[in-house]
Amino acid sequence: MALHQDPSSEPLETIKTVFAESKIQKLWINFQVYQGAFQERIDILRTQARETPKEDGGDKFMPTLLKKWTGGKTANQPVGNYAEKMSCAFPSDRINTYERQSKIFPTFLRMKISAAATSITKLLVFEISYLKSWDVEWEQPAAALAGIYLTRARLL
């Protein structure tokens with residue numbers, strides 16, 4: 001007789017791994033630590049403009065991601081069910097949404113697995129976008145004091 005546990009009936013934080021020191025468990029713990037430091041990533045996005053790439057379409061090299069799973073566990077997914085040419089740009093409204101998702105991440109751990117999977121997936125798209133944004137040259141707004149060279153002698 002096989003044991004079957006409906007994963008959608010338990011909160012994510014109550015699921016225990018078979019091996020206490022498994023590699024997956026260590027990776028999950030590392031992700032939680034990484035996620036806890038989200039404010040640093042948000043600050044970087046707010047101080048280093050990542051809204052407009054220097055090259056047209058230079059921000060559209062995200063990996064192809066599945067939009068929504070359709071069918072059973074082993075179902076092949078239709079070709080049109082993938083998001084292609086997604087942008088890794090972060091205009092201010094996307095930064096705000098990313099920050100909100102990051103702040104509520106701890107609540108995902110108390111959700112039932114099916115709901116947590118949906119919520120975490122949205123957050124992971126932001127994380128992938130953030131990481132990919134480092135590979136793009138972005139237009140930077142002109143600095144307020146660009147071209148003005150203040151030296152100690154001039155200030156005195």
Check: What about Arg110, is it at pLDDT 85 or above, surrounded by 13 or more Cβ atoms within 10 Å (Cβ to Cβ) and of a type outside the set (Ser, Thr, Tyr)?
Finding: no
Notebook entry, point to check: Tell me, which helices (runs of 4 or more DSSP H) lie completely within the stretch 35-110 with 3 or more residues that are without any contact (Cβ under 8 Å) to a residue 60 or more places away in the chain?
Noted result: 38-47, 92-103
Next item on the list: Working only within the stretch 46-99, note down all residues that are surrounded by 12 or more Cβ atoms within 10 Å (Cβ to Cβ), closer than 14 Å to Ile128 by Cα and not charged (D, E, K, R).
Entry: Phe61, Met62, Leu65, Ala83, Met86, Ser87, Cys88, Ala89, Phe90, Ile95, Tyr98
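The values are calculated or read from the model by the stated rules, or taken from the named source; none is laboratory data. Bear in mind that the values here come from a model prediction, so they are computed numbers and not experimental data. Here Cβ is always computed from backbone atoms with ideal geometry, including for glycine, and neighbour counts include all displayed protein chains.
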